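The block underneath contains the structure these notes are about, expressed in structure tokens.
Where a number appears in this text, it was derived from the coordinates with a stated rule and is not lab data. No experiment lies behind these values; they were computed from the predicted model shown. Glycine also receives a Cβ, built like all others from the backbone with ideal geometry; neighbour counts cover every protein chain displayed.
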Amino acid sequence: MEHIQLKVDGMSCTNCALSIHKYLENQGAIEPKVSFMEGEVQFDLPANLEKATLVKGITNLGYKVRGQQEAAPKKKWLDNNKDRAIFCFIFAVPLVAHMIPGVHQIPGMHFFMNPYVQLGMTIPVFIVGMGYFGKSAWNSLLNGIPNMNVLVSIGAIASFGYSLYGTLIGKGMEFAYYETTVTILTLVFFGNYLEDASIESTQRALKDLVKAQKVMANMIVFDENHKEILFSVESDTLKVGDLVLINSGETIPMDCKVLWGEANVNESIVTGESVPVHRKMNDILLGGSTIENGNVKAYVTAVGNDTVLANILKMVKAAQGEKPPVQVLADKISAIFVPVVVSIALATLIGNYFFAHNELGNPIGFGASMLRAIAVLVISCPCAMGLATPAAIAVGLGRGARNGIVFKNAKSLETFKDIKQVVFDKTGTLTTGHFEIANFKIIQTANSLNQFKEEDFKALVYSLERFSNHPIAKCISGTWKTNNASSWAKIEEIKGMGIQAKDKEGNEFWSGSFKTLKDQNVEDGHNVYIQKNGVLIGWVDVTDQIRPEAKEVIKTLHSQGIHTILLSGDRKEKCEAVGKALGIQEIISEQSPADKLNKLDALTAIAPTAMVGDGINDAPALAKATIGISLSNASHIAIQSAQVILMNQGLKNLPMSLGLGKKTYKTIKENLAWAFSYNIIAIPVAALGLLGTWGPTYGALIMGLSDVVLALNSLRLFKKKLV
């Protein structure tokens, strides 16, 4: 099954996204995700569907589809809302100016009062407006999800058609509402331009990350005399294995591994941590980071979509295309909003024509009734309800990404508001996971087959532990690495226990916890026990340090009323030592992966629970928790199981991630409250004629500004205090 990612131009609001989403679902595309703010469409393509067919279908809906890797299309005149607004404004000024009291006395202004002159000035604006709004409206109707452009088009067509009819029958001065047509289209184009600019600013954090992907690199090649030659190349031309030189002040072009040199690296673009980190030989360099001082030679380890930065962007963009539960109601209302507003406008026209009277008690007539109906059409704004959630989500995800917090789905942002307790794994989460071997002992037995020299014992332990990703195993295998490793007929890692293996002679070996011992009379208290055929032949102890930021993080969580729990498979004594040192409120030790799952079930039944972990043993628990939070240096399976990833390789940003989730949800509620209240108040005001004879003009202006209010409120998330 192929995953398709397309760039789609022309989406202006959530109704556009709904149209494309509905089309793709009807065609059989799997899990379509449409982000009108990013202009991106993603879906999985079944074997029985052709990509070209779906692309053509989206094009037929009125949108421009281009491959993600294609260059941006050449800009054309009147191809954006800013150009359209300026073009229409040129014709709108004289048409509106002659309506201002006293202006008609200016020499030459009588020329613009001629109905045929007004018709001639309206036609260019009407053609541009219908070429954009009319085409979009027609395609949305064909797809069964009418969008906001239907309302704008009906209003413009009604005022233009009524004025044209009056002109043709010789009553142009009585039926002249050409300025209404022009001002509606001009102001809606202007409002769309403001909305585009506001939405673009909500995307600024992601745009910064995208820019960081595109830099120049110093590629090292060798001539026939094996002398180094430097070539300046674009980063996207690099391949895995290429050698690069990165100097002080330069951006790291792709993920690399240091071969020579040392440097202080600012990784804030990826981790959010502004303090430079020291990198030396064999250390990993993250693409998009900056060398603050120093010089290194490195070889490229990942390019394109395989880099850490690209994966962050991929996850954040995927999350933007998702809809949190709070958006469901708004989407349902948006889907029926346009037909409802058209019905209200029709009722406004009929009701005002038959029942409304002016100050003198006379009926207001068809012209004034039509203006009120048009005002209803153009002041209503389904986009406000559709924009309320995506705008806040975009800012929330963007701020998180810039601070080293990656949300893999939008639902996690909303779910954070309910979290009442946080469960921590111990090793590698509350502790650094950077172990050192503190001590070891070889136990000589009466059986000569179990007699081991120190060199042979270390080689045996290395041969077992090198097959595990557990931090303790990595420490031992890294320290005792040898070329004299044993080969196994069978070997497997048993979660929560250790490594079990058999050699070619049928001997069984264990390297694991105290639970693996058949003889429980052995002294408890060591990290790793080594057995051969059920006989203990030695043990290994390692030391680990508590993360320096852990205590402050726990203290912050307590100040927010969040209950903290330590849940670990490690021994009771070690867990209690760490838990008490950090002030953790509840300590649960000696848990197998199955025990952890059962405990998470019980905890989530009591209250919404976040689980923070990093090991392969934590993956099921991370998936089981209300929200799973993984550290960036975690095992691959743990990262896949988590909904949130902390990229700073530590707990520092955990309180920020919780705060960002809560503040984002609060912003969404504020936006939705504004969107609903705006429409509930604005539509009756327009229907009752409280906007006066300039109702359609005021309505178009207010409608355009309503979306800007939502975007500006969402942008406040960039500045809000989160902890």
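On a 0 to 90 degree scale, rounded to 10, what angle separates helix 115-129 from the longest Cα axis of the chain?
Compared with the principal axis, the helix lies near 20 degrees.
Taking neighbour counts of Cβ atoms within 10 Å as a proxy for exposure, in what order, fewest first, do Val709, Val542 appear?
Val709, Val542
What is the chain's relative contact order, in percent, from Cα pairs under 8 angstrom and six or more apart in sequence?
13 percent
Between beta-carbons, use under 10 Å as the cut-off and find the net charge around His526, counting Lys and Arg +1, Asp and Glu -1.
-1
If packing is taken as the average number of other Cβ atoms within 10 Å across a peptide's residues, how do 312-318, 558-564, 618-624 rank, most packed first?
In descending order of packing, they fall as 618-624, 312-318, 558-564.
Going by how many other beta carbons lie within 10 Å of each one, how would you line up Val423, Val685, fewest first? Please list the in-between numbers first.
Numbers: Val423 29, Val685 17.
Neighbour counts put them in this order, fewest first: Val685, Val423.
Run the simple label-point estimate for Ser232 and Asn282 please: 7 Å along Cα→C-beta, distance reported in nm.
Between Ser232 and Asn282, the simple spin-label model gives 3.5 nm.
Would you mind getting the Kirkwood hydrodynamic radius of the range 353-505 from its Cα pairs, rounded to one decimal in Å?
Details: mean 1/r = 0.0427 Å⁻¹.
For the range 353-505, inverting the mean 1/r across all distinct Cα pairs yields 23.4 Å.
Hey, how many Å between the Cα centroid of the range 214-261 and the Cα centroid of the range 655-723?
If we compute the Cα centre of each part, the gap is 49 Å.
Residue by residue through the range 686-694, what is 3J(HN,Hα) from phi via Karplus (6.51 cos²θ - 1.76 cosθ + 1.60, θ = phi - 60°)? Round to whole Hz and write x for glycine and proline.
Using θ = phi - 60°, the values come out as 5, 5, 7, x, 6, 8, x, 5, 9 Hz.
Going by C-beta contacts inside 10 Å, put Lys214, Lys297 in order with the fewest on the left. Each step should come with its number before you reach the end.
Details: Lys214 12, Lys297 17.
Neighbour counts put them in this order, fewest first: Lys214, Lys297.
What ranking, highest mean first, results for peptides 506-512, 113-119, 151-157, 600-606 when packing means the other Cβ atoms within 10 Å averaged over each residue?
My ranking of the peptides, most packed first, is 151-157, 506-512, 113-119, 600-606.
Can you give me the Rg/Rh ratio for the range 2-67, using Cα atoms for both radii and the Kirkwood formula for Rh?
0.91
When only C-alpha pairs under 8 Å and at least 6 residues apart count, what is the relative contact order of the range 436-543, in percent? Don't jump to the answer; show the numbers that get you there.
On the way: 186 pairs, mean separation 30.6, N = 108.
For the range 436-543, the relative contact order is 28 percent.
Can you tell me the mean projection area, over all orientations, of the convex hull of the range 215-306's alpha carbons? Units nm², please.
Values: hull surface 22.2 nm².
Reported value for the Cα convex hull: 5.6 nm².
Any chance you could get the radius of gyration and Dmax over the Cα atoms of the chain, in Å?
According to the Cα coordinates of the chain, Rg and Dmax are 33.1, 120 Å.
Give the Rg/Rh ratio for the range 552-593, taking Rg as the radius of gyration of the Cα atoms and Rh as the Kirkwood radius, to two decimals.
We get a ratio of 1.01 for the range 552-593.
Among Gly699, Ile246, Phe43, whose Cα projects farthest towards the positive end of the dipole of the chain, with charges put on the beta-carbon of Lys, Arg (+1) and Asp, Glu (-1)?
Among Gly699, Ile246, Phe43, the one farthest towards the positive end of the dipole of the chain is Gly699.
Any idea what angle helix 593-606 forms with the longest principal axis of the chain, computed on alpha-carbon atoms, 0 to 90 degrees, nearest 10?
Its long axis makes an angle of about 40 degrees.
Starting from the Cα coordinates of the range 436-543, work out the convex hull volume and express it per residue in Å³.
So the per-residue Cα hull volume is 99 Å³.
Arrange the peptides 474-484, 243-253 so that the one whose residues have, on average, the most other Cβ atoms within 10 Å appears first.
243-253, 474-484
If amide hydrogens are placed 1.01 Å from N in the peptide plane, which non-local residues have theirs closer than 5 Å to the one on Ile405?
Sorted by chain and number, the residues that satisfy this are Met647.
Show the residues, 5+ positions off or on another chain, whose built amide H is closer than 5 Å to the amide H of Ser380.
none
Along each of the three principal axes of the Cα atoms of the range 512-572, give the extent in whole Å, ordering the values from largest to smallest.
52, 20, 15
In whole percent, what relative contact order does the range 215-306 give with Cα contacts below 8 Å and a gap of six or more residues?
34 percent
For Val221, what is the net charge nearby, where nearby means another residue's Cβ is under 15 Å from its Cβ and Lys, Arg count +1, Asp, Glu -1?
Combined, the nearby Lys, Arg, Asp and Glu give -1.
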